[in-house]
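So the structure is just underneath, and the comments pick up after that.
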Amino acid sequence: MTKELRPIPEPTPVSQPFWDGLSQHRILVQYSPSLARYVFYPRTLAPGTLADDLEWREIDGAGTLYTYTVARRPTGPPWADALPQLLAVVQWDAGPRISTELVEVDPSDIRIGMHVRPVFCDLPETGITLLKYRPA
Amino acid sequence: MTGLRGEAAIVGIAELPAERRPTRPPLFTLDQYALLAKMVVEDAGVDPACINGLLTHGVAESAMFAPATLCEYLGLALDFGERVDLGGATSAGMVWRAAAAVELGVCDAALAVVPGSASLPQSQRSSPSGPNWYGASSNNYGSPQAEFEIPHGNVGQNAPYAQIAQRYAAEFGYDPAAVAKIAVDQRTNACAHPGAVFHGAPITIDDVLGSPMIADPIHMLETVMRVHGGAGVLIANADIARRSRHRPVWITGFGEHIAYKTPTYADDLMRTPIARAADKAFVMAGLSRSDVDAASIYDCYTITVLMSLEDAGFCAKGKGMSWITEHDLTHRGDFPLNTAGGQLSFGQAGMAGGMHHVVDGARQIMGRAGDTQVPDCNTAFVTGNGGIMSEQVALLMRGD
């Protein structure tokens with residue numbers, strides 16, 4: 001069986017600024033003035049109100065661990081050689097939650113609620129940077 | 001409150017025995033649908049000509065126009081054709097849509113049938129498509145999952161459900177033995193239900209906790225076994241119900257709520273959509289939680305059952321684990337739950353897994369549950385659950 005490559009996100013006309021930001025190791029997230037809050041993931045209109053006022057702002061990406069799991073079996077063939085997978089949901093101090101992975105941590109040291117900080121993982125020859133997290 | 005009047009009933013049921021490896025010859029989903037349709041019509045003892053409604057999740061042979069394709073194939077002209085796309089909540093979602101259509105007079109009798117075997121005839125010309133490990137996630141360009149979930153491996157069912165369970169544990173604590181008891185009690189039920197894939201294979205709490213950890217805190221025996229099967233029901237108006245062979249199972253209440261696609265983006269991950277759906281169902285039916293004689297709760301994982309019991313109002317939030325320990329959830333017990341084994345022990349026949357619970361509830365009210373029959377079973381509560389606890393449906397069924 002041929003090894004499956006890890007899926008690489010493909011930026012869209014809607015999300016391009018987010019990915020451009022990550023490639024510069026900056027976190028750009030949409031903000032809706034009428035909602036008075038940040039919005040993630042990128043959209044064309046604000047969720048709930050459909051207000052046409054989303055604008056890109058930079059956040060520092062600091063947050064806390066909302067939840068996680070230690071996947072002992074690969075969630076898909078591309079991760080067969082990447083066990084255990086440390087799948088995480090981080091709640092940004094700025095508000096929204098993001099799906100991510102934890103790095104540079106022993107699984108037994110992971111605690112929900114712990115402070116975490118961004119790790120920018122450049123994927124070679126793709127121009128894509130993934131946003132992962134480690135304990136702060 | 002407006003809603004169903006309880007004048008549409010499940011009049012026929014069918015569920016194929018669960019098989020780990022198919023012994024039946026491969027059938028296209030069109031033919032699986034036809035077989036199950038024949039079974040529910042014969043079970044009801046009614047003339048197939050009365051059927052003028054049909055609900056489907058879709059057929060593998062046609063990406064589009066599923067109701068019309070089935071209408072033509074079955075030779076049944078339709079006044080109501082519906083496609084329901086709610087994952088594991090599809091079947092329960094079909095039932096209330098059919099009941100509403102019947103009560104409105106849109107149709108007289110409607111098939112709600114879900115093929116459940118992945119064993120399909122294979123073309124000699126084109127090779128079968130490879131296994132789709134994206135599961136319920138879409139890897140199409142522009143899909144939020146393709147961009148923000150799949151690249152991190154946040155895909156499939158095990159890990160996302162485990163993330164919900166971990167958050168639950170952080171907020172309310174976690175008693176692995178209590179959660180494992182759900183699987184154990186359901187296995188007891190499966191051992192009394194011959195169609196179940198794990199019939200004849202009892203387990204203990206130690207077995208569950210000793211099975212391999214899949215994604216913390218979910219053990220293998222807290223996940224479902226994929227099986228080949230299929231299930232369906234026929235829903236009809238009161239005139240047909242009175243002429244049918246079995247005790248009619250009136251649909252008296254329902255609720256449906258869709259909250260998100262991926263748990264990461266839930267407003268409140270710890271209050272699952274069944275809370276709102278169940279409240280609406282009980283109010284509509286004019287029933288209390290204590291009126292329920294048997295429950296069939298969608299059980300893709302034990303954590304789903306735990307949170308559904310709490311959020312549907314059978315026990316207080318965060319108290320489900322002690323509640324489970326204090327109650328006997330077997331068919332002999334004080335809270336009969338998933339009396340045919342549930343998907344954990346009957347097996348999950350793909351999309352038909354949701355219909356397992358509908359059939360389980362209806363079978364109990366019809367009084368046809370054999371060794372697992374709950375005495376004087378007049379009210380059943382049934383749930384469907386799609387995605388990652390993201391879309392859920394509650395049903396209340398009553399016998400006269």
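The values are calculated or read from the model by the stated rules, or taken from the named source; none is laboratory data. All figures in this text were calculated on a predicted structure; none of them were measured in a lab. Neighbour counts are summed over all protein chains in view; Cβ atoms, including those assigned to glycine, are modelled from backbone coordinates with ideal geometry.
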>> Taking the condition of being within 23 Å of B:Gly361 (Cα to Cα) and touching a residue at least 60 places away in the same chain (Cβ under 8 Å), how many residues in segment B:259-288 meet it?
In response: 12
> Taking segment B:147-166, which residues are at the interface with another protein chain (Cβ under 7 Å from one of its Cβ atoms), part of a helix (DSSP H, G or I) and small (Gly, Ala, Ser)?
Replying inline: B:Ala159, B:Ala162
>> Out of B:Val95, B:Val114, I need the residue that is outside any helix (DSSP H, G or I), within 14 Å of the chain's Cα centre (by Cα) and buried (at least 23 other Cβ atoms within 10 Å of the Cβ). Which one?
In response: B:Val114
> Residue check: is A:Gln91 over 20 Å from A:Leu22 (Cβ atoms) and of a type in the set (S, T, N, Q)?
Replying inline: no
>> Filter segment B:293-309 down to the residues that are outside any strand (DSSP E or B) and surrounded by 22 or more Cβ atoms within 10 Å (Cβ to Cβ) and list them by number.
In response: B:Ile297, B:Tyr298, B:Asp299, B:Cys300, B:Thr302, B:Ile303, B:Thr304, B:Val305, B:Leu306, B:Met307, B:Ser308, B:Leu309
> What number of residues within segment A:98-107 are out of contact with any Leu (no Cβ under 9 Å at 6 or more places or on another chain) and under 23 Å from A:Leu35 (Cβ atoms)?
Replying inline: 0
>> Which residue is nearest to A:Ile98 (Cα to Cα), if the candidates are limited to segment A:1-40 and must be aromatic (Phe, Trp, Tyr) and within 14 Å of chain B (Cβ to nearest Cβ)?
In response: A:Phe40
>> Looking at B:Leu269 and the list (1) crowded, with 22+ Cβ neighbours inside 10 Å; (2) in contact with a helix residue (DSSP H, G or I) (Cβ under 8 Å, 6 or more places away or on another chain); (3) within 21 Å of B:Glu103 (Cβ to Cβ), which single condition is not satisfied?
In response: (3)
>> Going by what's in this entry, would B:Ala169 be described as in a helix (DSSP H, G or I), crowded, with 17+ Cβ neighbours inside 10 Å and more than 14 Å from chain A (Cβ to nearest Cβ)?
In response: no
> Looking at segment B:173-191, is at least one residue touching a residue at least 60 places away in the same chain (Cβ under 8 Å), facing chain A (nearest Cβ under 8 Å) and over 23 Å from the mean Cα position of the chain (by Cα)?
Replying inline: no
> Given A:Arg43, A:Arg57, which one is surrounded by 13 or more Cβ atoms within 10 Å (Cβ to Cβ) and either touching a strand residue (DSSP E or B) at 6+ places or on another chain (Cβ under 9 Å) or facing chain B (nearest Cβ under 9 Å) (or both)?
Replying inline: A:Arg43
>> I'd like to know if segment A:62-78 contains one or more residues that are exposed (fewer than 13 other Cβ atoms within 10 Å of the Cβ) and at pLDDT 95 or above.
In response: no
> Any idea which of B:Leu36, B:Leu70, B:Leu54, B:Leu120 is free of Cβ contacts under 8 Å to residues at least 60 places away in the same chain and either of a type in the set (Lys, Arg) or not in a strand (DSSP E or B) (or both)?
Replying inline: B:Leu70
>> Suppose we filter segment B:350-400 for residues that are outside any helix (DSSP H, G or I) and touching a residue at least 12 places away in the same chain (Cβ under 8 Å); how many remain?
In response: 30
>> Considering only segment A:32-46, I want to know if a residue exists there that is out of contact with any Pro (no Cβ under 7 Å at 6 or more places or on another chain) and either modelled with pLDDT under 95 or not in a loop (DSSP other than H, G, I, E, B) (or both).
In response: yes
> When you scan segment B:200-221, how many residues do you find that are in contact with a strand residue (DSSP E or B) (Cβ under 9 Å, 6 or more places away or on another chain) and either polar (S, T, N, Q) or within 13 Å of another protein chain (Cβ to nearest Cβ) (or both)?
Replying inline: 10
> If you go through segment B:136-146, how many residues are at the interface with another protein chain (Cβ under 7 Å from one of its Cβ atoms) and not in a helix (DSSP H, G or I)?
Replying inline: 3
> Is segment B:341-349 home to any residue that is free of Cβ contacts under 8 Å to residues at least 12 places away in the same chain and assigned to a helix (DSSP H, G or I)?
Replying inline: no
> Of the residues A:Ala51, A:Ala82, A:Ala88, which is among the small types (Gly, Ala, Ser), away from chain B (no Cβ under 14 Å) and either without any contact (Cβ under 8 Å) to a residue 60 or more places away in the chain or in a loop (DSSP other than H, G, I, E, B) (or both)?
Replying inline: A:Ala51
> Here are some conditions: (1) more than 25 Å from B:Thr383 (Cβ to Cβ); (2) away from chain A (no Cβ under 14 Å). B:Val113 meets all but one. Which one does it not meet?
Replying inline: (1)
>> Name the single residue that is surrounded by the most Cβ atoms within 10 Å (Cβ to Cβ) among those in segment A:111-136 being more than 9 Å from chain B (Cβ to nearest Cβ) and in a loop (DSSP other than H, G, I, E, B).
In response: A:Met114
> Yes or no: B:Ala60 aliphatic (A, V, I, L, M) and surrounded by 19 or more Cβ atoms within 10 Å (Cβ to Cβ)?
Replying inline: no
>> I'd like the residue in segment B:22-33 that is of a type outside the set (Ser, Thr, Tyr) and free of Cβ contacts under 8 Å to residues at least 40 places away in the same chain and, out of all such residues, is surrounded by the fewest Cβ atoms within 10 Å (Cβ to Cβ).
In response: B:Pro25
> Which is loosely packed, with under 14 Cβ neighbours inside 10 Å and among the small types (Gly, Ala, Ser), of A:Ser34, A:Ser15, A:Ser23?
Replying inline: A:Ser34
> Among (1) of a type in the set (A, V, I, L, M); (2) assigned to a helix (DSSP H, G or I); (3) surrounded by fewer than 21 Cβ atoms within 10 Å (Cβ to Cβ), which single condition is B:Val102 missing?
Replying inline: (3)
